[in-house]
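The structure appears below as structure tokens.
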Amino acid sequence: KNAKEESRKVVELIERESEKEPLEEICVMFRTHQQGRLIKNLLDFKKIPYTSVTKKPLLKQQSVKTIINYLKILNLISQNKNGGEQEWWDLLHDSNFSYEDQIKIGTFIKKQRNSNENLSNIILEELTKLQISEKGKITSKILIERIKYLLIFKNKKVDEIIKEIYNTLDLDEENKVETLNLNKFYELASNNYAIH
């Protein structure tokens, strides 16, 4: 009759089929975002677990962007090239620094970007020395130690470096969509690293 009735029927079919098949074997495809939203709302209401995959491009997924940011920073450091302001800012922003710490770090990065020195090397040396909160100092120390550790692998193949980044980060292995995206990115990198 209408979209709500269609959603109700889809969820009814899922409930019926879940008695014969595990939920992981059931896939629902829908034509519009509106349909998907209604179905997901009803699944949530009925407390039926699901994983939702969108058409957002792989390289725009947050977890993949984080890996790319690490790769770019590692490359800039190993090539002793300047740049990387946006990548650093993204990593710092994703590290959940307080608003006040973000302002201090942002001001520091802006001052350094016009320097002739390698921005990444400056950040590696100075970030933990900034006058930021104790939590911010701990967070910055973890980030810097992580990057310094990953520099050990700078001469490895890209797919090997990606594996090390995966192992080093606190990835949410329970998040099926994130895991699928990272596996797809690893596959893409493994197949194309020699070209790009």
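Quick notes on this one:
- Relative contact order (percent, whole number), the range 55-196, Cα cutoff 8 Å, 6+ residue spacing: 28
- Of 1/56; 56/163; 104/157, pairs whose Cα-Cα distance is over 27 Å: 1/56; 104/157
- Stretchable slack from residue 145 to residue 12, in nm (0.36 nm times residue separation minus alpha-carbon distance): 42.8 nm
- Largest GNM mean-square fluctuation among 135, 65, 56, using the chain with Cα springs under 10 Å: 56.
- Degrees between helix 62-78 axis and first principal axis of the chain (Cα, 0 to 90, nearest 10): 20
- The length gained by stretching the chain between residue 21 and residue 89 to full extension, at 0.36 nm per residue less their Cα-Cα distance, is 19.9 nm.
- Average 1/r across all pairs of distinct alpha carbons in the range 75-119, invert it, and you get the Kirkwood radius: 11.1 Å.
- Cα-based helix-to-principal-axis angle, 176-192 vs the chain, degrees rounded to 10: 60
- Relative to the longest principal axis of the Cα atoms of the chain, helix 33-45 runs at roughly 80 degrees.
- Take residue 190: with every protein chain present and a 1.4 Å probe, its accessible area is about 30 Å².
- Within a straight-line Cα-Cα reach of under 16 Å, residue 4 can be paired with the following aspartates and glutamates, leaving aside sequence neighbours fewer than 8 residues apart in one chain: 12, 44.
- Here the accessible area is traced with a 1.4 Å probe on the protein chains. For the range 1-128, carbon and sulfur cover 50 percent of it.
- Loop-resident GluC sites (Glu not before Pro) (DSSP state other than H, G, I, E or B) in the range 111-181 with no more than 15 further Cβ atoms inside 10 Å of their Cβ: 117, 173, 174.
- For the range 31-151, diffusion coefficient by Stokes-Einstein and Kirkwood Rh (Cα), 10 °C, 1.306 mPa s, µm²/s: 95
- Accessible area (Å², per residue) of the chain, counting only protein heavy atoms and a probe of 1.4 Å: 68
- Placing +1 on the Cβ of every Lys and Arg and -1 on the Cβ of every Asp and Glu, with no other charges, gives the chain a dipole of roughly 620 debye about its Cα centre.
The values are calculated or read from the model by the stated rules, or taken from the named source; none is laboratory data. Note that the coordinates shown come from a computational prediction; the quantities given were computed from them, not determined experimentally. Heads up, the Cβs are rebuilt from the backbone with ideal geometry, glycines too, and the neighbour counts pull from every protein chain shown. Keep in mind that these areas ignore ligands, DNA and RNA; they rest on the heavy atoms of the full protein, side chains included. Shrake-Rupley method; radii C 1.70, N 1.55, O 1.52, S 1.80 Å.
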